[in-house]
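Encoded as structure tokens, the structure appears first; notes follow it.
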Ligand SMILES: [Zn+2]
């Protein structure tokens, strides 16, 4: 598979990324490298992560580094800041609480990676992964046809 199909965000994607960064502080410095069709999916994932912290009564410490498409699926790469604190080293309850949150976030990220296999990255309708010119991408029938005509 070649990486010649260089991904470029259009204005719609840039605007949607800005909104995501504004609505979720942990997305503030995130590199968003995915199509417009996946923004609802990523927003839903961010809402669920916010809920994980709210339910546990914890301050969100997550920092999302990259959200991108890789081999046709959504990859959500993140780290937890709590691991760098003194409390993490010295307070067992603190460590246990954040560890539980991290486990939930890991499960959510993998759940949404699976979900992205059936959501067209261009438009958000239901799709599947195709190999278009050596590029794996999740597309609906209409978007597949457009891509193949390129
Ligand atoms: Zn589509």
message: What is the angle, in °, between the Cα long axis of helix 39-56 and the longest principal axis of the Cα atoms in the chain? Nearest 10 is fine, range 0 to 90.
response: 10
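Any number yet on Rg/Rh for the chain, C-alpha, Kirkwood? Before the final figure, lay out the partial values.
Working: Rg = 17.2 Å, Rh = 16.5 Å.
Result for the chain is an Rg/Rh of 1.04.
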query: Fewest first, what order do 128, 84, 27 take by the number of other Cβ atoms within 10 Å?
result: 84, 128, 27
- line: Note to self, the chain gives a 222 nm [θ] from helices alone (DSSP H runs n ≥ 4, -39500 (n - 2.57) apiece, / all residues, nearest 500) of -15000 deg cm²/dmol
- request: Compute the acute angle (0 to 90°) between the alpha-carbon long axis of helix 92-116 and the principal axis of greatest extent of the alpha-carbon atoms of the chain; round to the nearest 10°.
  value: 10
- prompt: Whole-Å semi-axes of the stretch 61-150's equivalent ellipsoid, largest first, each the root of 5 times a Cα gyration tensor eigenvalue?
  reply: 38, 11, 8
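Where does the stretch 1-77 land on the Kirkwood hydrodynamic radius, alpha-carbon pairs, in angstrom? Let's see the in-between values first.
On the way: mean 1/r = 0.0751 Å⁻¹.
So the Kirkwood estimate lands at 13.3 Å.
Report for the chain the percent antiparallel among DSSP-assigned beta bridges with both residues inside it, nearest 5.
Working: 14 of 17 bridges.
The antiparallel fraction comes to roughly 80 percent.
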field: Tilt relative to the chain, helix 11-23 - C-alpha long axis, 0 to 90 degrees, to 10
entry: 10
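Each value in this text was obtained by applying a stated rule to the coordinates, not by laboratory testing. The structure presented is a predicted model; accordingly, all values stated were derived computationally and were not measured. Backbone-built Cβ (ideal geometry, glycine too); neighbour counts: all protein chains shown.
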